[in-house]
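Encoded as structure tokens, the structure appears first; notes follow it.
The values are calculated or read from the model by the stated rules, or taken from the named source; none is laboratory data. In this text, all values refer to a predicted model and were calculated from it rather than measured experimentally. Every residue, glycine as well, gets a Cβ built from its backbone with ideal geometry; the counts of neighbours run over all protein chains shown.
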Amino acid sequence: MRRTLFAGAAALLAAAGTFTFVLTRAEAATQTLQSLAAANGRYFGSATDNPELTDTAYTAILGGGEFGQTTPGNSMKWDTTEPTRNAFSFTKGDAVVTFAQAHNMKVRGHTLLWHNQLPGWVSQLPATEVQAAMENHITAVATHFRGKVFAWDVVNEPFNDDGTFRSTSPFYAAMGTDYIAAAFRTARAADPDAKLYINDYNTDGLGAKADAMYNLVKTLKSQGVPIDGVGFQAHLAIQYGFPSQMQQNLQRFADLGVDVAITELDVRMVLPRDSTKDATQATYYSNVVKACVAVTRCVGITIWDYTDKYSWVPSTFSGQGAALPWDENLQQKPTAYNAIVTALGGTVSSPSPSVSSASPSPSRSVSPSPSASSSPPPAGSCTATYKIVGSWPGGFQGEVNVTGKTGWTVTWTFANGQTISQLWGGTVTQSGASVTVKPASWNATPPATFGFLASWNGTNAIPAVSCS
Ligand code: G2I
């Protein structure tokens, strides 16, 4: 797949005889977040929810090839599937499965057991009846969706932020930590083929809560409890900083012998959006995707819906939002989207804005990076390769690949009055024609890539680039 894509891109480059090219619409249609993720042996998915499935502009994108996986945001939860004791309703969950199957998307089941979105009758059960009700629920739901979901979030959010167990869970209150092993064993019996996950938030980076999850998974494994994976929700916010050492954190879980997955990714900000916040958000998306790609047992990435139109964020965090790679008008945000593409190993080529306003939002086209042709730099030095990956009247997108030493600085001088408006993967200073770029903290060690948007007029020469 990668070879085919590369050959196509190389042929286009050769035909164009220049670094500036725009892939054809047909080529663009085959290159998506999912196809790039698949080339890395992973899936790229989006959550969805039943009310949105009537929005045809929305479903056209959801099922249009960008995503190879979906997670129902609400419709497999307890309050929907068993609102009254032992009276089950799968209509909404089935609708998501039907959509997914019709659009070549696999489904993560979410979630069999959670302290939230429980019907009132569960909380009112006497402690002596909780285990039977819990096992009955898990058995019925997992049996119904057997063969239709490839994975289940069996237990969702068992921890408080300080790493103690959530005592507000009626399951914990009735059974202590034993509820977790019992839930996994019941799920395995009902659906032996599904991958069984535990899933939480604020466990993405190293910290007390991640340590608690790590110790729990280690214990469950040592007890022979059938757990296959750990989900990292990754509900991030640019004002709180990027989780500490996410890749290392994912890796230590993988080393316990479980799969890991990014299950609910979004990156919110304090509104209003601006180009600086968008650029920071893009680095967060890039970081998460790179962390997953770097960990062999990280099986895939799911964003928690793909568009701000249907994000859970604004109604939960007042004054915050803009968390997803598509805006509330279902338009891709070039910064966030392209950062994901690049982190998945693709490069980005933007169609002309005048084309996109004249026709209904053509897919942004992507192609894998051409391989570096230069030999590696001597130890202690670095090299940088500049290319224009997309160009339209008045604007272009550039990308620079850096190899060599950690802690690089890339400089160049524009010859034709170009001005950078946004840059991701580093921090930029432009003084007149002189540009200096230093890496974002996570991007200091090559191979590193940064990208930017800039203006141009008349001529857009490729500058000589220095790395030191
Ligand atoms: O809160 C974000 C996610 C955190 N991890 C577990 C996920 O299951 C959770 O998803 C969200 C859904 O995306 C929201 O859509 O879970 C929320 C509930 O905790 C969902 O919100 C609820 C609203 O609070 C309800 O008022 C509404 O009736 O969605 C319900 C169905 O639309």
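Laid out as a table, the results:
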read-out: Test: residue in region 61-77 that is closer than 17 Å to residue 328 by Cβ, assigned to a helix (DSSP H, G or I) and free of Cβ contacts under 8 Å to residues at least 12 places away in the same chain; value: no
read-out: Condition broken by residue 28, with the remaining ones in (1) crowded, with 16+ Cβ neighbours inside 10 Å; (2) modelled with pLDDT of 95 or more; (3) away from the ligand (no atom under 16 Å from the Cβ) satisfied; value: (2)
read-out: Considering residues of region 249-290 that are touching a strand residue (DSSP E or B) at 6+ places or on another chain (Cβ under 9 Å) and among the small types (Gly, Ala, Ser) only, the residue nearest to residue 219 (Cα to Cα); value: 254
read-out: Lone unmet requirement of (1) more than 30 Å from residue 319 (Cβ to Cβ); (2) touching a helix residue (DSSP H, G or I) at 6+ places or on another chain (Cβ under 7 Å); (3) within 16 Å of the ligand (Cβ to nearest atom) for residue 197; value: (2)
read-out: Residue within region 156-166 that is in contact (Cβ under 8 Å) with a residue 40 or more places away in the chain, more than 15 Å from the ligand (Cβ to nearest atom) and on the phi > 0 side of the Ramachandran plot present; value: yes
read-out: Candidate set: region 82-94, residues that are out of contact with any strand residue (DSSP E or B) (no Cβ under 9 Å at 6 or more places or on another chain) and not in a loop (DSSP other than H, G, I, E, B); chosen: the one nearest to residue 119 (Cα to Cα); value: 84
read-out: Extreme residue, nearest to residue 49 (Cα to Cα), among residues of region 289-336 that are part of a strand (DSSP E or B) and not β-branched (Val, Ile, Thr); value: 326
read-out: The one condition in (1) out of contact with any Cys (no Cβ under 8 Å at 6 or more places or on another chain); (2) in contact (Cβ under 8 Å) with a residue 24 or more places away in the chain; (3) away from the ligand (no atom under 16 Å from the Cβ); (4) over 14 Å from residue 285 (Cα atoms) that residue 246 fails to fulfil; value: (4)
read-out: Condition check for residue 45: out of contact with any Gly (no Cβ under 6 Å at 6 or more places or on another chain), touching a residue at least 24 places away in the same chain (Cβ under 8 Å), of a type in the set (Gly, Ala, Ser) and near the ligand (Cβ under 10 Å from one of its atoms); value: no
read-out: Of residues in region 263-288 being more than 16 Å from the ligand (Cβ to nearest atom) and assigned to a strand (DSSP E or B), the one nearest to residue 68 (Cα to Cα); value: 269
read-out: Tabulated pairs, region 260-287, first closer than 11 Å to residue 236 by Cβ, second part of a strand (DSSP E or B) and of a type in the set (S, T, N, Q), C-beta under 6 angstrom, 6+ apart or interchain; value: 268/320
read-out: Meets criteria (polar (S, T, N, Q), buried (at least 21 other Cβ atoms within 10 Å of the Cβ) and either more than 27 Å from residue 456 (Cβ to Cβ) or at pLDDT below 95 (or both)) for residue 315; value: no
read-out: Hey, residue 311 over 19 Å from the mean Cα position of the chain (by Cα) and within 13 Å of the ligand (Cβ to nearest atom) or not; value: no
read-out: Flag for residue 192 being free of Cβ contacts under 8 Å to residues at least 24 places away in the same chain and under 29 Å from residue 148 (Cβ atoms); value: yes
read-out: Residue ID - modelled with the highest pLDDT, chosen from residues in region 439-464 that are part of a strand (DSSP E or B) and closer than 24 Å to residue 287 by Cβ; value: 439
read-out: Filter result (within 16 Å of the ligand (Cβ to nearest atom) and of a type in the set (Lys, Arg)) within region 99-126; value: 108
